[in-house]
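S.K.: Mind having a look at this structure? Questions to follow.
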Amino acid sequence: MRAVFVDASETLAAVARRLLRLDDPPFAIHADPGIAPQDLPAILDGAETAVIDHTALPLDVARACAGLKHVVFLGTGARSYMDPEALRDALGVTVHTIKGYGDTAVAECAFALMWAAARGLPEMDRAMRAGSWLRTEGIQLTGKTVGLVGFGGIAAEMARLCQGVGMRVLAWNRTPRTHPGVDFVPLDRLLAESDVVSLHLLLTDETRGFLSAARIAALKPGAMLINTARGAVIDEAALVEALRAGHVARAGLDVFTVEPLPAHHPLASLPNVTLSAHSAFRTPEASDNLIGAALDHCRRIAAG
């Protein structure tokens, strides 16, 4: 069983080379992250397993990939790039995802976005670099309430961090959960009581547009919103309007409906928005976990 890492960045290619073992099944690394979906059939060249970081795999392209049986997607959000059920049912291609590899890294980014937004640090940084001595009044987070929407490994890490600085932690999850020090409450209560709402939902058909205009309107006036999940779980246009009106005081966003964020996007022009480029999971520790898990998938596939 031959595998090809089709869209490896320089960083992830180096990690893969370091973690490969001499007895591993054939594993090729195509170190070019800028490929297009239509390039995949030639890059795979009949390989049974594709390791994919960020390249879309439409059904018609997968159909042209002779011999493809498995896709190892580097992360949990495969649905943003492909339709796993359609690949399985139409072509017999199994999509494997990797969970938990970056829980701490993503939670730390969400935590950092929360603090940066609360203190207006990016706005002050931009102003000072332009020669203006801007001094903004920040929000003190100790004693405030953070609401976690969705509760998996990342949210559990975010809860740990927030508890450590004296924040009250509320959470809502679609299935019942318990966690030390976390109060699980109905969603409407969480939205109404939270000074900060942090999203930790997988993107599915059910969660697309989950934070709708109505739910944004139900947020506590002046709340902050943090999103390190997927951009499409928010009604982005409604969020822009809420930010302009001040109903949402500040936002820290790592993910967007369209990525890279298009030039002149409204979010980029709002001073009360802190942006990062879908990089929450990018730490050396998370990269090692991610590629190590991908190689383990390939080893299991080769072993049958």
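S.K.: So, ILE291, is that one outside any loop (DSSP other than H, G, I, E, B), farther than 30 Å from VAL4 by Cβ and touching a helix residue (DSSP H, G or I) at 6+ places or on another chain (Cβ under 8 Å) or not? Spell out the reasoning first.
M.R.: Numbers: outside any loop (DSSP other than H, G, I, E, B): yes; farther than 30 Å from VAL4 by Cβ: no; touching a helix residue (DSSP H, G or I) at 6+ places or on another chain (Cβ under 8 Å): yes.
Considered against the rule, which asks whether it is outside any loop (DSSP other than H, G, I, E, B), farther than 30 Å from VAL4 by Cβ and touching a helix residue (DSSP H, G or I) at 6+ places or on another chain (Cβ under 8 Å), ILE291 comes out as no.
S.K.: Report every pair of residues separated by at least 6 positions or lying on different chains whose Cβ atoms are under 9 Å apart, first residue within the stretch 257-276 and modelled with pLDDT of 95 or more, second open to solvent by 80 Å² or more (accessible area, probe 1.4 Å) and in a strand (DSSP E or B).
M.R.: none
S.K.: Sticking with this one: Hey, GLU85 hits all of (1) under 25 Å from the mean Cα position of the chain (by Cα); (2) touching a residue at least 24 places away in the same chain (Cβ under 8 Å); (3) more than 22 Å from ILE154 (Cβ to Cβ) but one; which does it fall short on?
M.R.: (2)
S.K.: Here are LEU161, LEU148: which of them is within 21 Å of ALA105 (Cβ to Cβ), among the aliphatic types (A, V, I, L, M) and surrounded by fewer than 22 Cβ atoms within 10 Å (Cβ to Cβ)? Write out each step before concluding.
M.R.: Details: LEU148 fails: surrounded by fewer than 22 Cβ atoms within 10 Å (Cβ to Cβ).
Checking each option against the conditions leaves just LEU161.
S.K.: Can I ask one more? Note down all Cβ pairs under 8 Å where the first residue falls in the stretch 141-156 and is closer than 16 Å to VAL185 by Cβ, the second is open to solvent by 30 Å² or more (accessible area, probe 1.4 Å) and of a type in the set (Phe, Trp, Tyr), and they're at least six residues apart or on different chains.
M.R.: Partner pairs satisfying both residue conditions: GLY147/TRP172; LEU148/TRP172; VAL149/TRP172; GLY150/TRP172; PHE151/TRP172; PHE151/PHE184.
S.K.: List pairs: first in the stretch 278-298 and at positive phi, second buried (at least 22 other Cβ atoms within 10 Å of the Cβ) and of a type in the set (Asp, Glu), Cβ under 6 Å, 6+ apart or cross-chain?
M.R.: HIS278/ASP254
S.K.: Right, here's the next one. Of everything in the stretch 106-139 that's β-branched (Val, Ile, Thr) and open to solvent by 40 Å² or more (accessible area, probe 1.4 Å), which residue is nearest to ASP195 (Cα to Cα)?
M.R.: ILE139
The values are calculated or read from the model by the stated rules, or taken from the named source; none is laboratory data. These numbers come from a predicted model, not from an experiment. Don't worry about glycine lacking a Cβ; one is built from the backbone with ideal geometry, like all the others, and counts go over all protein chains shown. Each accessible area value is taken on the protein alone, full model and side chains, heavy atoms only, with ligands, DNA and RNA left out. Shrake-Rupley method; radii C 1.70, N 1.55, O 1.52, S 1.80 Å.
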